[in-house]
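To start, the structure itself, in C-alpha cells.
The values are calculated or read from the model by the stated rules, or taken from the named source; none is laboratory data. In this text the structure is predicted, and so the values were computed from the model without any measurement. Backbone-built Cβ (ideal geometry, glycine too); neighbour counts: all protein chains shown. We work out accessible area using only protein heavy atoms, side chains counted, and drop any ligands, DNA or RNA first. Shrake-Rupley method; radii C 1.70, N 1.55, O 1.52, S 1.80 Å.
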Amino acid sequence: MLQLDKTTEVQYNTLFQPIKIIEPINTSNIQSVDYLIYDSQGRLSEKNRVSTNFTDGSSDTRNFKYSYNSNNKIILIQEKTTDSFGDVYGEATKTLTYDSDGNLRLIEQIAASNPNYKVEIKYDNYDSYKNPYANVNVPFEDAFFLRLSKNNYRKYSKITYSNSYPTRTYETSEISGYEYNENGYPKFAEYQCN
C-alpha cells in the first residue's frame, strides 16, 4: 500500500482563504512557507515565500505583489527576492494578457537587471470545456497560472528574447484534446471536480 510520508499544511483565515502554506522539508534540507495577504475585495494582493535552508541556516524571501484589471483578472505580478540580510538580488515583472473569453494567453517576464532579456509564455488552442483549476483558492506555485483561465489550454510554449530577437524555444507542447466526464471537466482532474 502506498503511503504519504510528507504533507503540505494549509492554514486558513475566517473567510476560508489560505493565509499560510507550509511545505515539508525537501531532500536538500530546505523548507518553503508561503504567507498570503488579501485586499478588501478578497483578492490575493501579496505573497511572501520564505525558503529556509536548515543545513546552513540561510533563507531567502520571494515577495509577489499582484495587480488586477476591472474584471478581477491578475494583469501584473511584481516579484522581488531578498536574502537573509534583506539585500535584494532579483527583481522581475510579469505582465499577463487574456483573450476575450477570459483565458490566459500570454505572460511576459522581464528582469529589472536586464530589460533587454524577456521570457514569453504562451497558452493557446483552448477548448470550450470547464477548467477544473479555475479559481481554485489555494495558490500553489505549480498550479498558479492554470487557475487563471476558465477553459483548458492545449498548446504551451516558452520563448526567450534578447534585444527583441528570439533566442530559441525552450519548451513547447501540444495536446490534441482531453476526454471529458458528464460534468464537462477533463477526466485527468475528475477526482477534484465531481
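Values computed for the structure shown
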| quantity | calculated |
| --- | --- |
| Flag if GLU9 is out of contact with any helix residue (DSSP H, G or I) (no Cβ under 7 Å at 6 or more places or on another chain) and open to solvent by less than 50 Å² (accessible area, probe 1.4 Å) | no |
| Test: residue in segment 117-138 that is β-branched (Val, Ile, Thr), in a strand (DSSP E or B) and out of contact with any His (no Cβ under 9 Å at 6 or more places or on another chain) | yes |
| Some residue of segment 135-149 being open to solvent by less than 50 Å² (accessible area, probe 1.4 Å), among the basic types (Lys, Arg) and either within 23 Å of SER70 (Cα to Cα) or in contact (Cβ under 8 Å) with a residue 12 or more places away in the chain (or both) | yes |
| Condition check for SER113: under 30 Å from ASN29 (Cβ atoms), in contact with a Gly (Cβ under 9 Å, 6 or more places away or on another chain), open to solvent by less than 80 Å² (accessible area, probe 1.4 Å) and at pLDDT below 90 | no |
| ASP34 surrounded by fewer than 17 Cβ atoms within 10 Å (Cβ to Cβ) and among the acidic types (Asp, Glu) | no |
| Selection count, segment 35-82, where residues are among the acidic types (Asp, Glu) and either touching a helix residue (DSSP H, G or I) at 6+ places or on another chain (Cβ under 9 Å) or more than 16 Å from PRO18 (Cα to Cα) (or both) | 3 |
